[in-house]
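Scroll down for the structure; my scribbles are underneath it.
The values are calculated or read from the model by the stated rules, or taken from the named source; none is laboratory data. Computed from a predicted model, the values in this text were never measured in an experiment. Here the Cβ positions follow ideal geometry from the backbone for every residue, glycine too, while neighbour counts run over all protein chains shown. Surface areas here come from the heavy atoms of the whole protein model, side chains and all, with no ligands, DNA or RNA. Shrake-Rupley method; radii C 1.70, N 1.55, O 1.52, S 1.80 Å.
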Amino acid sequence: QRLREIPGIRLAFDRPFFKEFTLQLPAEPHAVLRRLLERGYLAGIALGKWYPSLRNAVSIAVTESRSRSEIDGLVAAYREVLGESY
């Protein structure tokens with residue numbers, strides 16, 4: 001939910017999910033993921049290589065092993081990176 005509050009990000013599919021979900025990004029995923037990795041986050045997998053119709057999409061998995069502060073940090077990093085490029 002918090003990632004969807006970032007301008008330009010939306011769920012790629014309108015269906016229930018458990019731990020993995022797909023987001024459409026407002027910027028090229030490889031560049032976004034590279035900048036997130038520079039901030040210490042392995043923050044998703046770009047899907048365009050395998051699914052051309054999802055060229056601006058990333059798959060993200062969040063499990064119970066992640067703390068609230070780690071998730072907050074990921075959201076803040078996505079917001080910062082997309083603010084740079086969006």
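One table, with the values for the structure above:
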| item | result |
| --- | --- |
| Residues located in the stretch 71-85, provided they are closer than 15 Å to LEU37 by Cβ and either modelled with pLDDT under 85 or loosely packed, with under 12 Cβ neighbours inside 10 Å (or both) | GLU84, SER85 |
| Enumeration of residues in the stretch 30-86 that are assigned to a loop (DSSP other than H, G, I, E, B), under 19 Å from PHE18 (Cα atoms) and polar (S, T, N, Q) | THR63, SER65, SER67 |
| The one condition in (1) within 12 Å of the chain's Cα centre (by Cα); (2) of a type in the set (A, V, I, L, M, F, W, C); (3) under 18 Å from GLY8 (Cα atoms) that LEU54 fails to fulfil | (1) |
| Those residues of the stretch 1-30 which are of a type in the set (Lys, Arg), open to solvent by 80 Å² or more (accessible area, probe 1.4 Å) and farther than 18 Å from GLY48 by Cα, in sequence order | ARG2, ARG4, ARG15 |
| Residues (of a type in the set (A, V, I, L, M) and surrounded by 13 or more Cβ atoms within 10 Å (Cβ to Cβ)) located in the stretch 38-60 | ALA43, ILE45, ALA46, LEU47, LEU54, ALA57, VAL58, ILE60 |
| Among (1) modelled with pLDDT of 95 or more; (2) basic (Lys, Arg); (3) closer than 13 Å to GLU80 by Cα, the one test that ARG55 misses | (3) |
| Filtered residue count, the stretch 31-51, keeping only those that are under 20 Å from PHE13 (Cβ atoms) and not β-branched (Val, Ile, Thr) | 9 |
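Here's the yes/no breakdown for (1) closer than 16 Å to ARG79 by Cβ; (2) of a type in the set (A, V, I, L, M, F, W, C):
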position	(1), (2)
ARG15	no, no
LYS19	no, no
LEU23	yes, yes
PRO26	yes, no
VAL32	yes, yes
TYR41	yes, no
